[in-house]
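Working notes for the structure below.
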Amino acid sequence: MKIKSLAWLKAASVASLLALTLTACGAAGTSSSSNSTEALGGSDQVSTDKYTTADVTPLDKIDKSKLGLGTEGVLRIGTLSDAPPNIFLKDGVFTGFDNELLRAIASKLGLKTEFVSTDFAALLSQVQNKQFDVGSSSISTTDKRRKNVGFTNGYDFGYMAVVTKSSSAIKGFKDLKGDIRIGVVQGTVQDDYVTNTLGIEPVRFPDYNTVFANVKNGQVDAWVAPSQQATGQVKPGDGTTIAESVINTQNFTAYAVNSENKALIDALNSGLDAVVADGTWAKLAKQWYPDRETPKNWKPGSKASKLG
């Protein structure tokens, strides 16, 4: 597997990979746009400083009665069931890096967690409509998404991959041309990248298992995927490979919250800084990403957070 830097990504015109169409909140869009989106606008590490909080409210100052939860004392969380190692269902329990981190954050706040499976294309609108208190799905925090939903501080960084059959002539992003059948999960930043940056109408699927199955059976030539989910799906000897993975530290992922519920956003930010400081974040990152190195000059949480 080839891993290249963000400098390559810009040179290859892949710098737009992190946008989302406005229709992603709710029923995701199904039509392509003639204009390439400026995907990193509002999502690079410099401009996201305007969103990352300088510090957080101390945990003992959080008033749990004012968090605007559907059920007091319980975080109702919309998540996915098929996207390891971040968000998935195992033996009837929702787990993965994102969900276990959120459990730890909730514990710091003295809250219980209730996870419910949903489709990504509907998740952000469900959060904004208060069907869920929180959305947990490795969500990239683009400016377009911020028009529709609120976000916590970042807890992870973004990167994406091209998944193909092992015998494929497709070796990376440069080979994604108009005659290639490209699979994506509907409503994701990968959907937007293929549609609006490459100018190719992708084959859209409702979930990660389905799109990967269609790579394996040859119905699509390539899957443009979040690298985490690509790693979780591709197994030795299954006839597929991660042709290329591009790390992009100019993006962070965060939990989605109703945009008007500042009290809950503040509380989750406090819990996030707490699990960063006590070493929980680092422990979970090592557990779920054993071969991944955290980029230098990047850290989760507020600007004042300290990695424990």
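Taking S136, is it surrounded by 24 or more Cβ atoms within 10 Å (Cβ to Cβ) and either among the small types (G, A, S) or not assigned by TED's automatic domain parsing to the domain that holds A267 (or both)? For S136, the condition - surrounded by 24 or more Cβ atoms within 10 Å (Cβ to Cβ) and either among the small types (G, A, S) or not assigned by TED's automatic domain parsing to the domain that holds A267 (or both) - is met. The set of residues from region 96-138 being in contact with a Pro (Cβ under 8 Å, 6 or more places away or on another chain) and of a type outside the set (S, T, Y) comprises G96, F97, D119, A121. If you go through region 192-223 and keep only what is within 22 Å of T118 (Cβ to Cβ) and not polar (S, T, N, Q), you end up with D192, P202, V203, R204, F205, P206, D207, Y208, V211, F212, A213, W223. When each of D207, D179, D192 is tested for being under 15 Å from the mean Cα position of the chain (by Cα), surrounded by fewer than 20 Cβ atoms within 10 Å (Cβ to Cβ) and not hydrophobic (A, V, I, L, M, F, W, C), the lone residue that passes is D207. For region 185-194: of the residues being closer than 21 Å to S125 by Cα and not in a loop (DSSP other than H, G, I, E, B), which is modelled with the highest pLDDT? Restricting to residues being closer than 21 Å to S125 by Cα and not in a loop (DSSP other than H, G, I, E, B), the top hit is V185. Could you go through region 128-140 and let me know if any residue there is in a helix (DSSP H, G or I), closer than 29 Å to V257 by Cα and touching a Gly at 6+ places or on another chain (Cβ under 9 Å). Yes, some residue in region 128-140 is in a helix (DSSP H, G or I), closer than 29 Å to V257 by Cα and touching a Gly at 6+ places or on another chain (Cβ under 9 Å).
Under the condition of being in a strand (DSSP E or B) and out of contact with any Ser or Thr (no Cβ under 9 Å at 6 or more places or on another chain), the residues counted in region 51-81 number 1.
For region 141-177, the set of residues classified as among the hydroxyl-bearing types (S, T, Y) and farther than 23 Å from P236 by Cβ consists of T141, T142, T152, Y155, listed by residue number. Would a scan of region 252-265 turn up a residue that is within 17 Å of A161 (Cβ to Cβ) and β-branched (V, I, T)? The answer is yes; a qualifying residue exists. In region 83-127, the qualifying residues are those that are of a type in the set (F, W, Y) and touching a Gly at 6+ places or on another chain (Cβ under 9 Å), and the one that is modelled with the highest pLDDT is F115. Checked against the criterion of being surrounded by fewer than 23 Cβ atoms within 10 Å (Cβ to Cβ), modelled with pLDDT of 95 or more and not β-branched (V, I, T), the candidates G232, G239 yield just one match: G239. Against the numbered list (1) in the same structural domain as D238 (by TED's automatic domain parsing); (2) buried (at least 21 other Cβ atoms within 10 Å of the Cβ); (3) modelled with pLDDT of 95 or more, S166 comes up short only at (2).
The values are calculated or read from the model by the stated rules, or taken from the named source; none is laboratory data. From a predicted model like this one, the values you see are computed outputs, not experimental measurements. Cβ: placed from backbone, ideal geometry, glycine included. Neighbour counts: every protein chain shown.
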